[in-house]
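Peer 1: This structure is in C-alpha coordinates; I'll ask about it shortly.
The values are calculated or read from the model by the stated rules, or taken from the named source; none is laboratory data. Here the structure is a predicted model, which is why all the values come from computation and not from measurement. Backbone-built Cβ (ideal geometry, glycine too); neighbour counts: all protein chains shown.
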Amino acid sequence: MILVPVTFRGGVYRHDEVMDYIEDLGGYIIQKHDIAQEVVLQVLIPKDDIERFRSFVRPLAGEVTASPLVGTEIAVVIPSLEIHHLPHSACDIAEYLRTVGAKTNMVGLARGFGKRISQLNDEERDVINEHDVAVYVLGNFETCIQEKFNGLRRGVHVPVILTGAPPVDALKRITDPPAAGYVGNLGRFMHRTRTEADIGRLDAVVEEVARVLDLSRDELAQDPLSVSPARLQDVIQEGVPEIDEVFSPTPITVQLAGVRVKLPFTRYAETIRRLPVEEGVTVSDIADVIPSRMRDYILVRIKPFSETHIVV
Amino acid sequence: MTTMDRYEVECFEEAGRDIYKQITSTVLQDHNLTSVVSKLRIFIDPRIPIFVAVGTIRDAGGSIQVSDVGSVQRQADSATISVRDETHLAKLLVKLNTIFGYDHVDQPDRFTIIISDTEIPADFEGMEVANRADTVFRDLIYALTVIAPEGFKVRRESYGKRRFFYVASENTLPEHVIEGIVSEQFGLIGEELQ
(Lines give C-alpha, C1' and ligand atoms only; values in the text may rest on other atoms or scores of the structure.)
Protein backbone atom coordinates (compact mmCIF):
# COMPACT_ATOMS: atom_id res chain seq x y z
CA MET A 1 0.00 0.00 0.00
CA ILE A 2 1.52 3.33 -1.08
CA LEU A 3 0.75 6.19 1.28
CA VAL A 4 0.55 9.71 -0.13
CA PRO A 5 1.16 12.81 2.02
CA VAL A 6 -1.68 15.36 1.90
CA THR A 7 -2.99 18.26 3.98
CA PHE A 8 -6.66 18.61 4.82
CA ARG A 9 -8.04 22.07 5.72
CA GLY A 10 -11.59 22.46 6.84
CA GLY A 11 -13.92 23.74 9.48
CA VAL A 12 -14.32 22.32 12.97
CA TYR A 13 -17.85 21.15 12.07
CA ARG A 14 -17.90 17.35 11.55
CA HIS A 15 -14.12 17.13 11.38
CA ASP A 16 -14.28 14.08 13.65
CA GLU A 17 -16.01 12.27 10.79
CA VAL A 18 -13.10 13.19 8.52
CA MET A 19 -10.64 11.78 11.05
CA ASP A 20 -12.65 8.56 11.33
CA TYR A 21 -12.81 8.27 7.54
CA ILE A 22 -9.01 8.64 7.25
CA GLU A 23 -8.56 5.82 9.74
CA ASP A 24 -11.16 3.66 7.95
CA LEU A 25 -9.25 4.10 4.70
CA GLY A 26 -6.10 2.88 6.44
CA GLY A 27 -4.47 6.29 6.53
CA TYR A 28 -2.60 7.99 9.38
CA ILE A 29 -2.93 11.44 10.93
CA ILE A 30 0.59 12.73 11.40
CA GLN A 31 -0.28 16.09 12.94
CA LYS A 32 -3.45 17.98 13.85
CA HIS A 33 -3.66 21.75 14.27
CA ASP A 34 -6.73 23.48 15.65
CA ILE A 35 -6.54 27.10 14.50
CA ALA A 36 -9.62 29.02 15.71
CA GLN A 37 -12.48 27.74 13.54
CA GLU A 38 -10.18 25.80 11.24
CA VAL A 39 -8.70 22.33 11.50
CA VAL A 40 -5.55 21.40 9.60
CA LEU A 41 -4.67 17.73 9.36
CA GLN A 42 -1.43 16.44 7.94
CA VAL A 43 -2.23 13.01 6.71
CA LEU A 44 -0.75 9.98 4.98
CA ILE A 45 -3.47 8.35 2.91
CA PRO A 46 -3.49 5.32 0.53
CA LYS A 47 -2.82 6.49 -3.02
CA ASP A 48 -5.85 4.70 -4.48
CA ASP A 49 -8.24 6.36 -2.03
CA ILE A 50 -7.29 10.01 -2.62
CA GLU A 51 -10.22 10.71 -4.93
CA ARG A 52 -12.63 8.94 -2.55
CA PHE A 53 -11.33 11.13 0.28
CA ARG A 54 -11.69 14.30 -1.82
CA SER A 55 -15.33 13.51 -2.61
CA PHE A 56 -15.99 12.75 1.08
CA VAL A 57 -14.73 16.16 2.26
CA ARG A 58 -16.31 18.20 -0.58
CA PRO A 59 -19.74 18.60 1.09
CA LEU A 60 -17.92 19.74 4.27
CA ALA A 61 -16.13 22.51 2.33
CA GLY A 62 -12.83 20.84 3.11
CA GLU A 63 -9.75 21.27 0.95
CA VAL A 64 -7.20 18.55 0.23
CA THR A 65 -3.80 19.57 -1.10
CA ALA A 66 -0.67 17.59 -1.85
CA SER A 67 2.03 18.18 0.79
CA PRO A 68 5.16 16.37 -0.29
CA LEU A 69 6.98 16.94 2.98
CA VAL A 70 4.44 15.48 5.42
CA GLY A 71 6.09 12.82 7.57
CA THR A 72 9.60 14.21 7.29
CA GLU A 73 11.85 16.00 9.74
CA ILE A 74 14.20 18.57 8.25
CA ALA A 75 17.15 20.38 9.83
CA VAL A 76 17.64 24.01 8.77
CA VAL A 77 21.30 24.60 9.55
CA ILE A 78 22.58 28.16 9.96
CA PRO A 79 26.07 29.32 10.93
CA SER A 80 24.82 31.06 14.10
CA LEU A 81 21.74 32.45 15.80
CA GLU A 82 22.84 36.06 15.36
CA ILE A 83 20.84 38.88 13.76
CA HIS A 84 22.69 38.20 10.49
CA HIS A 85 20.51 35.10 9.93
CA LEU A 86 17.45 35.68 12.09
CA PRO A 87 14.60 36.22 11.54
CA HIS A 88 15.41 36.45 7.84
CA SER A 89 16.44 34.29 6.06
CA ALA A 90 16.59 31.20 8.30
CA CYS A 91 13.16 31.56 9.94
CA ASP A 92 11.52 32.34 6.60
CA ILE A 93 12.88 29.14 5.08
CA ALA A 94 12.01 26.99 8.12
CA GLU A 95 8.51 28.44 8.29
CA TYR A 96 7.89 28.02 4.57
CA LEU A 97 8.91 24.35 4.74
CA ARG A 98 6.36 23.90 7.54
CA THR A 99 3.57 25.16 5.30
CA VAL A 100 4.03 22.10 3.10
CA GLY A 101 3.90 19.69 6.00
CA ALA A 102 7.53 19.26 7.08
CA LYS A 103 8.61 19.32 10.70
CA THR A 104 11.61 21.63 10.67
CA ASN A 105 14.17 22.17 13.39
CA MET A 106 16.56 25.07 13.25
CA VAL A 107 20.14 24.12 14.08
CA GLY A 108 22.13 27.26 14.90
CA LEU A 109 25.78 26.29 15.11
CA ALA A 110 27.86 27.48 18.04
CA ARG A 111 30.87 28.41 15.91
CA GLY A 112 29.67 28.19 12.34
CA PHE A 113 30.39 31.79 11.36
CA GLY A 114 33.39 33.04 9.41
CA LYS A 115 35.21 31.01 6.80
CA ARG A 116 38.57 30.25 8.38
CA ILE A 117 37.22 29.90 11.92
CA SER A 118 33.95 28.02 11.25
CA GLN A 119 33.53 24.56 12.74
CA LEU A 120 30.94 21.92 13.59
CA ASN A 121 31.00 20.12 16.93
CA ASP A 122 30.03 16.50 17.58
CA GLU A 123 26.66 17.34 19.18
CA GLU A 124 25.65 19.48 16.21
CA ARG A 125 26.79 16.76 13.81
CA ASP A 126 24.79 14.08 15.64
CA VAL A 127 21.66 16.26 15.88
CA ILE A 128 21.81 16.99 12.12
CA ASN A 129 22.25 13.25 11.42
CA GLU A 130 18.98 12.51 13.23
CA HIS A 131 17.03 14.31 10.47
CA ASP A 132 15.90 13.15 7.05
CA VAL A 133 17.60 15.98 5.21
CA ALA A 134 19.64 19.04 6.18
CA VAL A 135 19.21 22.43 4.47
CA TYR A 136 22.39 24.51 4.89
CA VAL A 137 21.52 28.20 4.69
CA LEU A 138 24.86 29.80 3.86
CA GLY A 139 25.90 33.27 2.77
CA ASN A 140 26.57 35.48 -0.19
CA PHE A 141 30.13 34.81 -1.30
CA GLU A 142 31.34 31.89 -3.39
CA THR A 143 34.80 32.19 -1.84
CA CYS A 144 33.40 31.73 1.69
CA ILE A 145 31.01 28.90 0.84
CA GLN A 146 33.77 27.03 -0.97
CA GLU A 147 36.10 27.26 2.01
CA LYS A 148 33.69 26.57 4.85
CA PHE A 149 31.07 24.17 3.45
CA ASN A 150 33.18 21.00 3.68
CA GLY A 151 34.04 21.78 7.30
CA LEU A 152 30.39 22.28 8.18
CA ARG A 153 29.28 18.96 6.69
CA ARG A 154 32.11 16.81 8.02
CA GLY A 155 30.54 13.62 9.45
CA VAL A 156 27.04 14.52 8.24
CA HIS A 157 25.66 11.52 6.36
CA VAL A 158 22.09 12.67 5.70
CA PRO A 159 21.47 14.37 2.32
CA VAL A 160 22.57 18.01 2.42
CA ILE A 161 20.94 20.79 0.39
CA LEU A 162 23.13 23.82 -0.02
CA THR A 163 21.60 27.28 -0.39
CA GLY A 164 23.55 30.45 -1.05
CA ALA A 165 23.54 33.68 -3.05
CA PRO A 166 25.65 32.43 -5.99
CA PRO A 167 23.66 30.81 -8.81
CA VAL A 168 23.18 27.03 -8.80
CA ASP A 169 25.93 26.50 -11.41
CA ALA A 170 28.45 28.29 -9.25
CA LEU A 171 27.37 26.34 -6.15
CA LYS A 172 27.76 23.08 -8.05
CA ARG A 173 31.20 24.13 -9.29
CA ILE A 174 32.56 24.94 -5.85
CA THR A 175 31.29 21.91 -3.92
CA ASP A 176 33.44 18.84 -3.94
CA PRO A 177 32.14 16.21 -3.18
CA PRO A 178 28.78 17.36 -4.54
CA ALA A 179 25.83 18.05 -2.23
CA ALA A 180 22.49 16.27 -2.63
CA GLY A 181 20.75 19.45 -3.78
CA TYR A 182 21.34 23.13 -4.50
CA VAL A 183 19.27 26.30 -4.34
CA GLY A 184 20.93 29.43 -5.69
CA ASN A 185 20.12 33.14 -5.37
CA LEU A 186 19.20 32.63 -1.73
CA GLY A 187 21.94 33.88 0.54
CA ARG A 188 21.88 36.09 3.62
CA PHE A 189 19.32 38.87 3.37
CA MET A 190 17.79 41.24 5.90
CA HIS A 191 14.28 41.79 4.57
CA ARG A 192 11.06 39.85 4.96
CA THR A 193 10.29 37.46 2.11
CA ARG A 194 7.07 38.85 0.70
CA THR A 195 7.72 39.73 -2.93
CA GLU A 196 6.90 37.30 -5.69
CA ALA A 197 10.60 36.79 -6.41
CA ASP A 198 11.30 35.97 -2.75
CA ILE A 199 8.44 33.48 -2.54
CA GLY A 200 9.67 31.95 -5.80
CA ARG A 201 13.04 31.32 -4.18
CA LEU A 202 11.37 29.67 -1.17
CA ASP A 203 9.32 27.51 -3.55
CA ALA A 204 12.61 26.45 -5.13
CA VAL A 205 13.80 25.24 -1.69
CA VAL A 206 10.58 23.21 -1.24
CA GLU A 207 10.98 21.71 -4.71
CA GLU A 208 14.59 20.77 -4.10
CA VAL A 209 13.84 19.27 -0.68
CA ALA A 210 10.94 17.27 -2.17
CA ARG A 211 13.20 16.03 -4.98
CA VAL A 212 15.92 14.92 -2.58
CA LEU A 213 13.38 13.24 -0.28
CA ASP A 214 11.87 11.39 -3.24
CA LEU A 215 15.32 9.98 -3.97
CA SER A 216 15.60 8.88 -0.33
CA ARG A 217 12.13 7.29 -0.53
CA ASP A 218 13.15 5.42 -3.71
CA GLU A 219 16.24 4.16 -1.94
CA LEU A 220 14.15 3.01 1.03
CA ALA A 221 11.75 1.23 -1.35
CA GLN A 222 14.63 -1.02 -2.53
CA ASP A 223 14.69 -2.56 0.94
CA PRO A 224 11.34 -1.71 2.57
CA LEU A 225 11.04 -0.89 6.24
CA SER A 226 9.68 -3.54 8.61
CA VAL A 227 6.85 -1.20 9.58
CA SER A 228 5.60 2.15 8.32
CA PRO A 229 6.75 5.03 10.59
CA ALA A 230 3.16 6.33 10.64
CA ARG A 231 1.92 3.01 11.95
CA LEU A 232 4.65 2.96 14.59
CA GLN A 233 3.48 6.42 15.65
CA ASP A 234 -0.03 4.99 16.15
CA VAL A 235 1.32 2.05 18.14
CA ILE A 236 3.27 4.34 20.49
CA GLN A 237 0.36 6.77 20.79
CA GLU A 238 -1.92 3.94 21.95
CA GLY A 239 0.63 2.09 24.07
CA VAL A 240 2.16 5.01 25.96
CA PRO A 241 -0.66 7.23 27.31
CA GLU A 242 1.87 9.67 28.87
CA ILE A 243 2.52 10.99 25.35
CA ASP A 244 -0.75 12.95 25.64
CA GLU A 245 0.79 14.99 28.46
CA VAL A 246 3.64 16.25 26.26
CA PHE A 247 3.00 19.86 25.24
CA SER A 248 5.27 19.82 22.18
CA PRO A 249 3.41 20.44 18.88
CA THR A 250 4.51 17.02 17.65
CA PRO A 251 5.02 14.70 20.66
CA ILE A 252 5.85 11.94 18.20
CA THR A 253 7.63 13.26 15.13
CA VAL A 254 7.39 11.02 12.10
CA GLN A 255 10.48 10.70 9.94
CA LEU A 256 11.16 8.81 6.72
CA ALA A 257 12.58 5.78 8.51
CA GLY A 258 11.64 6.21 12.14
CA VAL A 259 10.05 8.37 14.78
CA ARG A 260 11.29 10.75 17.45
CA VAL A 261 9.41 10.32 20.74
CA LYS A 262 9.55 13.35 23.00
CA LEU A 263 9.64 11.44 26.30
CA PRO A 264 12.68 10.86 28.58
CA PHE A 265 14.78 7.95 27.30
CA THR A 266 15.68 6.46 30.67
CA ARG A 267 12.06 6.16 31.80
CA TYR A 268 10.28 5.16 28.61
CA ALA A 269 12.76 3.35 26.33
CA GLU A 270 12.03 -0.09 27.79
CA THR A 271 8.25 0.49 27.67
CA ILE A 272 8.49 1.38 23.98
CA ARG A 273 10.74 -1.60 23.20
CA ARG A 274 8.15 -3.99 24.70
CA LEU A 275 5.14 -2.50 22.87
CA PRO A 276 3.42 -5.11 20.69
CA VAL A 277 3.02 -4.05 17.05
CA GLU A 278 1.27 -7.24 16.05
CA GLU A 279 0.88 -10.64 17.66
CA GLY A 280 4.34 -11.93 18.49
CA VAL A 281 6.14 -8.85 17.18
CA THR A 282 7.31 -6.08 19.51
CA VAL A 283 8.90 -2.74 18.66
CA SER A 284 12.35 -4.05 19.65
CA ASP A 285 12.07 -6.79 16.99
CA ILE A 286 11.67 -4.32 14.16
CA ALA A 287 13.38 -1.14 15.37
CA ASP A 288 16.31 0.20 17.36
CA VAL A 289 15.25 2.35 20.31
CA ILE A 290 18.18 4.66 20.99
CA PRO A 291 18.74 7.92 22.89
CA SER A 292 18.52 11.08 20.82
CA ARG A 293 21.15 13.84 21.06
CA MET A 294 18.26 16.28 21.09
CA ARG A 295 17.43 16.86 24.77
CA ASP A 296 16.62 13.47 26.38
CA TYR A 297 14.27 12.32 23.63
CA ILE A 298 13.97 8.82 22.24
CA LEU A 299 14.84 7.98 18.66
CA VAL A 300 13.21 4.89 17.15
CA ARG A 301 14.95 3.77 13.97
CA ILE A 302 13.03 1.18 11.99
CA LYS A 303 15.09 -1.71 10.63
CA PRO A 304 14.74 -2.74 6.97
CA PHE A 305 13.11 -6.02 5.87
CA SER A 306 16.50 -7.49 4.92
CA GLU A 307 17.57 -7.34 8.55
CA THR A 308 14.39 -8.53 10.30
CA HIS A 309 12.58 -10.58 7.62
CA ILE A 310 9.38 -9.19 9.09
CA VAL A 311 6.91 -6.76 7.54
CA VAL A 312 3.96 -5.73 9.68
CA MET B 1 18.40 55.14 -0.91
CA THR B 2 17.85 58.05 -3.26
CA THR B 3 18.59 60.54 -0.47
CA MET B 4 22.29 59.63 -0.46
CA ASP B 5 24.64 61.76 -2.53
CA ARG B 6 26.88 58.82 -3.26
CA TYR B 7 26.42 55.13 -2.57
CA GLU B 8 28.66 52.36 -3.86
CA VAL B 9 29.39 48.74 -3.04
CA GLU B 10 32.49 47.17 -4.54
CA CYS B 11 33.20 43.46 -4.61
CA PHE B 12 34.68 41.20 -7.25
CA GLU B 13 31.80 38.71 -6.80
CA GLU B 14 28.77 40.00 -8.67
CA ALA B 15 26.08 38.09 -6.74
CA GLY B 16 27.60 39.06 -3.39
CA ARG B 17 27.91 42.71 -4.40
CA ASP B 18 24.26 42.99 -5.45
CA ILE B 19 23.01 41.33 -2.27
CA TYR B 20 25.21 43.52 -0.06
CA LYS B 21 23.82 46.58 -1.79
CA GLN B 22 20.34 45.35 -0.90
CA ILE B 23 21.32 44.41 2.68
CA THR B 24 22.90 47.84 3.27
CA SER B 25 19.83 49.59 1.93
CA THR B 26 17.45 47.56 4.14
CA VAL B 27 19.51 47.92 7.33
CA LEU B 28 20.00 51.69 6.93
CA GLN B 29 16.28 52.10 6.32
CA ASP B 30 15.44 49.95 9.36
CA HIS B 31 17.63 52.19 11.54
CA ASN B 32 16.31 55.45 10.02
CA LEU B 33 19.78 56.37 8.82
CA THR B 34 19.19 56.93 5.10
CA SER B 35 18.55 60.66 5.50
CA VAL B 36 21.60 61.11 7.75
CA VAL B 37 24.23 59.38 5.59
CA SER B 38 25.52 61.56 2.78
CA LYS B 39 28.15 59.36 1.16
CA LEU B 40 28.77 55.66 1.70
CA ARG B 41 31.23 53.36 0.04
CA ILE B 42 31.58 49.70 0.94
CA PHE B 43 34.47 47.54 -0.20
CA ILE B 44 34.40 43.79 0.41
CA ASP B 45 37.06 41.25 -0.48
CA PRO B 46 36.24 37.83 0.96
CA ARG B 47 39.66 36.50 -0.14
CA ILE B 48 41.62 38.64 2.37
CA PRO B 49 38.95 38.69 4.05
CA ILE B 50 38.03 42.33 4.67
CA PHE B 51 34.95 44.54 4.88
CA VAL B 52 35.48 48.30 4.69
CA ALA B 53 32.80 50.97 4.93
CA VAL B 54 33.71 54.65 4.64
CA GLY B 55 31.44 57.64 4.38
CA THR B 56 30.26 61.00 5.54
CA ILE B 57 27.13 62.13 7.32
CA ARG B 58 24.97 65.22 7.01
CA ASP B 59 24.21 67.58 9.89
CA ALA B 60 22.44 65.34 12.39
CA GLY B 61 20.96 68.28 14.30
CA GLY B 62 22.29 70.28 17.25
CA SER B 63 22.64 69.32 20.86
CA ILE B 64 19.58 68.71 23.07
CA GLN B 65 19.34 71.22 25.92
CA VAL B 66 17.37 71.21 29.18
CA SER B 67 14.88 73.66 27.66
CA ASP B 68 14.20 71.12 24.84
CA VAL B 69 13.16 68.49 27.39
CA GLY B 70 10.81 70.76 29.37
CA SER B 71 10.16 74.25 30.74
CA VAL B 72 12.04 75.39 33.85
CA GLN B 73 10.43 77.48 36.65
CA ARG B 74 13.00 78.87 39.10
CA GLN B 75 12.21 79.79 42.74
CA ALA B 76 15.17 81.05 44.79
CA ASP B 77 17.27 77.90 45.48
CA SER B 78 15.00 75.46 43.70
CA ALA B 79 13.70 74.76 40.19
CA THR B 80 10.84 72.72 38.73
CA ILE B 81 11.11 71.14 35.28
CA SER B 82 7.79 70.36 33.56
CA VAL B 83 8.70 67.62 31.09
CA ARG B 84 7.38 68.02 27.53
CA ASP B 85 9.42 65.45 25.62
CA GLU B 86 10.45 62.24 27.38
CA THR B 87 12.91 61.06 24.71
CA HIS B 88 16.01 62.25 26.57
CA LEU B 89 14.52 62.23 30.09
CA ALA B 90 16.64 59.35 31.35
CA LYS B 91 19.83 61.12 30.28
CA LEU B 92 18.66 64.37 31.90
CA LEU B 93 18.00 62.61 35.22
CA VAL B 94 21.44 60.98 35.18
CA LYS B 95 23.00 64.38 34.50
CA LEU B 96 20.99 66.14 37.25
CA ASN B 97 21.86 63.43 39.78
CA THR B 98 25.54 63.79 38.92
CA ILE B 99 25.54 67.60 39.16
CA PHE B 100 23.23 68.19 42.15
CA GLY B 101 23.28 64.80 43.95
CA TYR B 102 20.43 62.38 44.62
CA ASP B 103 19.28 64.27 47.76
CA HIS B 104 18.46 67.39 45.75
CA VAL B 105 16.74 65.83 42.75
CA ASP B 106 13.23 64.38 42.96
CA GLN B 107 10.73 63.15 40.36
CA PRO B 108 7.34 63.04 42.13
CA ASP B 109 5.51 62.12 38.94
CA ARG B 110 6.34 61.19 35.36
CA PHE B 111 6.30 64.76 34.02
CA THR B 112 7.78 66.72 36.94
CA ILE B 113 11.34 67.02 38.20
CA ILE B 114 12.09 69.14 41.28
CA ILE B 115 15.60 70.35 42.12
CA SER B 116 15.66 71.77 45.67
CA ASP B 117 17.98 73.34 48.30
CA THR B 118 20.86 73.92 45.93
CA GLU B 119 22.29 76.62 43.75
CA ILE B 120 20.91 76.52 40.22
CA PRO B 121 23.45 77.67 37.60
CA ALA B 122 22.52 80.76 35.59
CA ASP B 123 22.72 78.97 32.23
CA PHE B 124 20.84 75.89 33.45
CA GLU B 125 18.23 76.01 30.64
CA GLY B 126 21.02 75.92 28.03
CA MET B 127 22.86 72.94 29.57
CA GLU B 128 23.50 70.12 27.07
CA VAL B 129 21.65 66.88 27.83
CA ALA B 130 22.52 64.82 24.77
CA ASN B 131 24.21 65.25 21.45
CA ARG B 132 22.39 63.76 18.49
CA ALA B 133 25.61 63.50 16.51
CA ASP B 134 27.03 61.00 19.06
CA THR B 135 23.93 58.83 18.86
CA VAL B 136 23.87 58.94 15.09
CA PHE B 137 27.44 57.69 14.85
CA ARG B 138 26.78 54.96 17.40
CA ASP B 139 23.66 53.86 15.51
CA LEU B 140 25.60 53.94 12.27
CA ILE B 141 28.39 51.76 13.64
CA TYR B 142 25.80 49.30 15.00
CA ALA B 143 24.09 49.20 11.59
CA LEU B 144 27.45 48.52 9.90
CA THR B 145 28.09 45.66 12.35
CA VAL B 146 24.81 44.13 11.18
CA ILE B 147 25.66 44.73 7.51
CA ALA B 148 29.20 43.33 7.70
CA PRO B 149 29.58 39.61 6.96
CA GLU B 150 29.09 37.49 10.03
CA GLY B 151 32.26 36.18 11.61
CA PHE B 152 34.24 39.34 10.90
CA LYS B 153 34.86 39.75 14.60
CA VAL B 154 38.11 41.72 14.42
CA ARG B 155 37.10 45.28 13.73
CA ARG B 156 38.23 48.85 13.87
CA GLU B 157 35.91 51.80 13.72
CA SER B 158 36.33 55.53 13.86
CA TYR B 159 34.05 58.52 13.63
CA GLY B 160 34.22 62.25 14.03
CA LYS B 161 34.14 65.45 11.93
CA ARG B 162 31.22 64.01 9.96
CA ARG B 163 33.37 61.18 8.64
CA PHE B 164 33.29 57.56 9.67
CA PHE B 165 34.94 54.34 8.73
CA TYR B 166 34.42 50.75 9.77
CA VAL B 167 36.83 47.95 8.98
CA ALA B 168 36.14 44.34 9.88
CA SER B 169 37.92 41.07 9.22
CA GLU B 170 38.32 37.55 10.44
CA ASN B 171 42.06 38.02 10.84
CA THR B 172 44.12 40.62 12.63
CA LEU B 173 45.27 43.21 10.13
CA PRO B 174 48.32 45.46 10.54
CA GLU B 175 47.46 49.10 11.30
CA HIS B 176 49.26 50.50 8.22
CA VAL B 177 47.32 48.14 5.94
CA ILE B 178 44.01 49.34 7.39
CA GLU B 179 45.02 52.99 7.06
CA GLY B 180 46.11 52.44 3.46
CA ILE B 181 42.84 50.76 2.48
CA VAL B 182 40.68 53.30 4.32
CA SER B 183 42.51 56.30 2.76
CA GLU B 184 42.13 54.74 -0.68
CA GLN B 185 38.39 54.22 -0.15
CA PHE B 186 37.92 57.78 1.13
CA GLY B 187 39.77 59.02 -1.94
CA LEU B 188 37.30 57.21 -4.19
CA ILE B 189 34.40 59.21 -2.74
CA GLY B 190 36.29 62.50 -2.96
CA GLU B 191 37.12 62.75 0.75
CA GLU B 192 40.26 62.55 2.84
CA LEU B 193 41.01 60.52 5.95
CA GLN B 194 41.84 63.01 8.71
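Peer 1: Contact list please: Cβ distance under 7 Å, first residue in region A:194-210 and farther than 22 Å from A:Ala134 by Cβ, second residue crowded, with 19+ Cβ neighbours inside 10 Å and modelled with pLDDT under 95, pairs at least six apart or on different chains.
Peer 2: Within 7 Å, the pairs are A:Ile199/A:Thr193.
Peer 1: Same structure again: Quick one: in region A:125-146, of everything that is part of a helix (DSSP H, G or I) and crowded, with 24+ Cβ neighbours inside 10 Å, which residue is modelled with the highest pLDDT?
Peer 2: So the residue we want is A:Ile128.
Peer 1: May I ask you to say which residue of B:Val52, B:Val27 is touching a helix residue (DSSP H, G or I) at 6+ places or on another chain (Cβ under 6 Å), part of a helix (DSSP H, G or I), on the phi < 0 side of the Ramachandran plot and not small (Gly, Ala, Ser)?
Peer 2: On inspection, the qualifying residue turns out to be B:Val27.
Peer 1: In addition: Please tell me if A:Asp234 is within 14 Å of chain B (Cβ to nearest Cβ), in a helix (DSSP H, G or I) and surrounded by fewer than 19 Cβ atoms within 10 Å (Cβ to Cβ).
Peer 2: It is false that A:Asp234 is within 14 Å of chain B (Cβ to nearest Cβ), in a helix (DSSP H, G or I) and surrounded by fewer than 19 Cβ atoms within 10 Å (Cβ to Cβ).
Peer 1: Give me the pairs, please: first residue somewhere in region B:150-171 and more than 11 Å from every other protein chain (Cβ to nearest Cβ), second residue anywhere and among the hydroxyl-bearing types (Ser, Thr, Tyr), beta-carbon distance under 6 Å, and either six or more positions apart or on two chains.
Peer 2: What qualifies is B:Glu157/B:Tyr166; B:Arg162/B:Thr56; B:Arg163/B:Thr56; B:Phe165/B:Ser158.
Peer 1: Looking at region A:85-94, can you tell me whether even one residue there is crowded, with 19+ Cβ neighbours inside 10 Å, over 27 Å from A:Lys32 (Cβ atoms), within 14 Å of chain B (Cβ to nearest Cβ) and touching a residue at least 12 places away in the same chain (Cβ under 8 Å)?
Peer 2: yes
Peer 1: Within region B:129-153, take every residue that is farther than 16 Å from A:Gly139 by Cβ and among the basic types (Lys, Arg) and give me the one that is nearest to the chain's Cα centre (by Cα).
Peer 2: Restricting to residues being farther than 16 Å from A:Gly139 by Cβ and among the basic types (Lys, Arg), the top hit is B:Arg138.
Peer 1: While we're here: Return yes or no: is A:Thr99 polar (S, T, N, Q) and surrounded by 15 or more Cβ atoms within 10 Å (Cβ to Cβ)?
Peer 2: Answer is no for this residue.
Peer 1: Could you tell me whether B:Thr80 is outside the structural domain of B:Leu28 (by TED's automatic domain parsing), of a type outside the set (A, V, I, L, M), touching a residue at least 24 places away in the same chain (Cβ under 8 Å) and outside any helix (DSSP H, G or I)?
Peer 2: Considered against the rule, which asks whether it is outside the structural domain of B:Leu28 (by TED's automatic domain parsing), of a type outside the set (A, V, I, L, M), touching a residue at least 24 places away in the same chain (Cβ under 8 Å) and outside any helix (DSSP H, G or I), B:Thr80 comes out as yes.
Peer 1: Quick one: count up the residues across region A:169-182 that are away from chain B (no Cβ under 11 Å) and either assigned to a loop (DSSP other than H, G, I, E, B) or under 16 Å from B:Asp18 (Cβ atoms) (or both).
Peer 2: 6
Peer 1: Is it the case that some residue within region A:209-226 is among the polar types (S, T, N, Q) and crowded, with 19+ Cβ neighbours inside 10 Å?
Peer 2: For region A:209-226, residues among the polar types (S, T, N, Q) and crowded, with 19+ Cβ neighbours inside 10 Å: present.
Peer 1: Please tell me if A:Gly200 is within 24 Å of A:Val6 (Cα to Cα) and surrounded by fewer than 17 Cβ atoms within 10 Å (Cβ to Cβ).
Peer 2: Criteria met by A:Gly200.
Peer 1: Under the condition of being facing chain A (nearest Cβ under 10 Å) and surrounded by 21 or more Cβ atoms within 10 Å (Cβ to Cβ), which residue from region B:29-55 is nearest to A:Leu171 (Cα to Cα)?
Peer 2: Per the criteria, the residue is B:Pro46.
Peer 1: Exactly one of these conditions fails for A:Val76: (1) closer than 24 Å to A:Gly200 by Cα; (2) away from chain B (no Cβ under 14 Å); (3) surrounded by fewer than 23 Cβ atoms within 10 Å (Cβ to Cβ). Give me its number.
Peer 2: (3)
Peer 1: Find the residue count for region B:1-24, including only residues that are in a strand (DSSP E or B) and within 11 Å of chain A (Cβ to nearest Cβ).
Peer 2: 1
Peer 1: Out of (1) farther than 26 Å from A:Glu73 by Cβ; (2) away from chain B (no Cβ under 13 Å), what's the single condition that is false for A:Val133?
Peer 2: All conditions pass for A:Val133, except number (1).
Peer 1: Looking at (1) farther than 23 Å from A:Phe141 by Cβ; (2) among the charged types (D, E, K, R); (3) crowded, with 17+ Cβ neighbours inside 10 Å, find the lone condition where B:Glu170 falls short.
Peer 2: (1)
Peer 1: Considering each of A:Phe141, A:Phe149 in turn, give the residue that is under 24 Å from A:Asp203 (Cα atoms), more than 13 Å from chain B (Cβ to nearest Cβ) and over 16 Å from the mean Cα position of the chain (by Cα).
Peer 2: A:Phe149
Peer 1: Let me ask something additional. Name the single residue, out of those in region B:60-77 being exposed (fewer than 14 other Cβ atoms within 10 Å of the Cβ) and without any contact (Cβ under 8 Å) to a residue 60 or more places away in the chain, that is nearest to B:Ser38 (Cα to Cα).
Peer 2: Among those residues, the one meeting the criterion is B:Ser71.
Peer 1: Sticking with this structure for a sec: In region A:205-254, what count of residues is obtained for those that are over 19 Å from A:Ile45 (Cα atoms) and of a type in the set (Gly, Ala, Ser)?
Peer 2: 3
Peer 1: A further question on this structure: Limited to region A:155-168, what total is found for residues that are crowded, with 18+ Cβ neighbours inside 10 Å and in a loop (DSSP other than H, G, I, E, B)?
Peer 2: The total comes to 6.
Peer 1: Here is a follow-up. Any residue that is crowded, with 22+ Cβ neighbours inside 10 Å, more than 14 Å from chain B (Cβ to nearest Cβ) and either touching a strand residue (DSSP E or B) at 6+ places or on another chain (Cβ under 8 Å) or outside any strand (DSSP E or B) (or both) - is there at least one of those in region A:109-116?
Peer 2: No, because not a single residue in region A:109-116 is crowded, with 22+ Cβ neighbours inside 10 Å, more than 14 Å from chain B (Cβ to nearest Cβ) and either touching a strand residue (DSSP E or B) at 6+ places or on another chain (Cβ under 8 Å) or outside any strand (DSSP E or B) (or both).
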